[in-house]
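Please treat every number below as a calculation from the coordinates, not as lab data. Keep in mind that this is a model prediction, so the values were computed, not measured. Ideal geometry is used to build each Cβ from the backbone, glycine not excepted, and the neighbour counts take in all protein chains shown.
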């Protein structure tokens with residue numbers, strides 16, 4: 001038996017809820033040496049037994065999100081039999097909802113993703129973001145919910161993709177001092193425009209890294225400090241001219257910047 | 001007071017964990033007319049009070065994921081004072097982890113996204129998927145973890161984007177009977193290739209919809225049944241020639257197909 005902690009995650013479907021909760025909890029404990037083992041689509045007692053026996057060989061905890069009552073009871077019983085700590089994530093919440101709604105849950109696994117209007121809207125938003133990435137086609141700007149602007153390496157693409165998963169149609173356009181700002185950008189309503197910026201140190205670091213990845217020498221103008229300051233200065237002037245809000249992405253995760261953007265633009269986002 | 005159910009979701013950070021759990025639970029109750037109100041970055045008693053008072057005006061339940069003990073206690077107390085049902089999602093899990101690790105949680109909000117290697121790898125994977133979408137640049141194929149093939153409307157783009165959020169580098173290439181399969185595809189290791197297909201009825205439906213969205217008449221060849229059968233037949237032959245697994249995406253959510261792809265390719269995915 002090794003000395004590490006093992007976290008077993010069991011789900012009767014894709015396992016996204018269980019992973020989210022497990023990660024949120026684990027992040028509250030520092031410096032732990034743990035191994036995560038994830039099992040999706042667990043739907044019968046045999047599969048449960050196999051996993052619990054595996055868990056019993058280590059210092060393990062089993063976290064699970066299953067909705068079928070029989071299966072849930074099986075997991076609890078088998079963990080007790082094999083002396084494995086286990087935690088049921090969903091049952092307490094289902095219980096609360098049950099009394100709130102005055103109704104019983106259907107207890108049917110895999111109802112997480114319905115192929116409904118909301119779903120198809122999301123797929124369309126993702127395709128939109130890919131199509132109108134990097135100023136590829138400016139005709140898309142007038143259909144966008146949000147237009148992101150920024151010089152190279154200000155997270156335009158990952159932000160667009162992340163927001164598209166929230167059913168938001170995002171286009172992004174790069175700013176380059178040598179290329180005039182397209183007239184289409186001036187036609188975008190102010191409340192849809194977001195200017196992105198970054199710290200010069202961060203940009204220098206990321207661009208050197210990027211050149212290295214491309215097998216190029218780091219003394220190319222792209223990563224040059226003066227060049228970066230020139231670009232940032234240029235972007236600032238464009239943002240002033242457009243009168244759009246500016247977000248500095250330095251030291252922010254994509255998820256955090258995206259959340260700020262949704263806040264600023266006042267987009268009422270449906271629950272994902 | 002209207003007659004609908006109100007679900008208030010409170011989080012001290014981005015609220016993704018709370019949303020996931022709430023959605024998983026709500027999907028187990030059918031035909032409920034409910035309103036979801038989401039509050040992120042709730043970090044002080046004043047904010048809590050305002051929300052709980054708002055909740056008390058409706059038939060409400062408060063779900064929350066907060067890690068600071070004071071704040072958690074404030075929510076519970078205020079909900080009790082205002083007669084609002086509330087449910088603490090995270091505390092029971094933190095308690096379990098506490099005994100498992102024999103340690104106390106740091107109780108610091110917003111530690112969900114660390115700007116670590118894993119994070120930058122994910123951003124790189126997203127950029128990769130955008131860059132090598134739709135066969136735009138076949139030089140990317142040799143760096144991909146997965147290469148998706150398929151005729152038009154087989155979910156290539158949304159699948160690539162979804163998988164990229166799981167740190168997987170995905171390229172996708174369209175199959176068109178009139179265009180010869182690129183030699184680069186034959187150089188991709190078999191275990192990285194996935195063929196996508198769809199039912200002819202579904203393709204017909206989606207393509208008519210797409211033409212309509214583009215303002216075109218639905219009798220264009222693109223949506224024609226014979227044309228679709230011809231394309232499907234062609235794709236089948238290519239997949240046989242390549243010897244790659246084939247997934248039918250009809251009636252499957254992106255998340256489900258993605259999960260099958262990860263299973264087939266045996267990619268060991270880090271916990272997201």
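Tabulated results
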{"read-out": "Centre separation in Å (Cα based) which lies between region B:34-56 and region A:164-189", "value": "34 Å"}
{"read-out": "Relative contact order (percent, whole number), region B:133-257, Cα cutoff 8 Å, 6+ residue spacing", "value": "30 percent"}
{"read-out": "For region A:5-101: Kirkwood Rh in Å [reciprocal of mean 1/r, alpha carbons]", "value": "13.7 Å"}
{"read-out": "Distance (nanometres) between label positions extended 7 Å along Cα→Cβ at residue A:80 and residue A:56", "value": "1.5 nm"}
{"read-out": "Taking only Cα atoms of chain A, radius of gyration then Dmax in Å", "value": "24.3, 71"}
{"read-out": "Residue-averaged beta-carbon neighbours from other chains (10 angstrom radius) around A:124-132", "value": "4"}
{"read-out": "Calculated over the protein assembly as shown: convex hull of Cα atoms, volume per residue (Å³)", "value": "183 Å³"}
{"read-out": "Relative contact order [Cα under 8 Å, 6+ residues apart], region B:202-272, whole percent", "value": "20 percent"}
{"read-out": "Chain A, relative contact order [Cα under 8 Å, separation at least 6], %", "value": "14 percent"}
{"read-out": "Highest-fluctuation residue, A:59, A:202, A:166 considered, GNM on chain A with Cα pairs under 10 Å", "value": "A:59"}
{"read-out": "Angle in degrees between helix A:225-242 and the longest Cα principal axis of chain A, rounded to the nearest 10", "value": "90 degrees"}
{"read-out": "Averaged over A:161-167, number of beta-carbon atoms from partner chains that fall within 10 Å", "value": "3"}
{"read-out": "Extension gain, residue B:134 back to residue B:246 (0.36 nm per residue minus Cα-Cα distance, nm)", "value": "38.5 nm"}
{"read-out": "Pairwise label distance in nanometres, residue A:118 with residue B:35, each label 7 Å out on the Cα-Cβ vector", "value": "1.6 nm"}
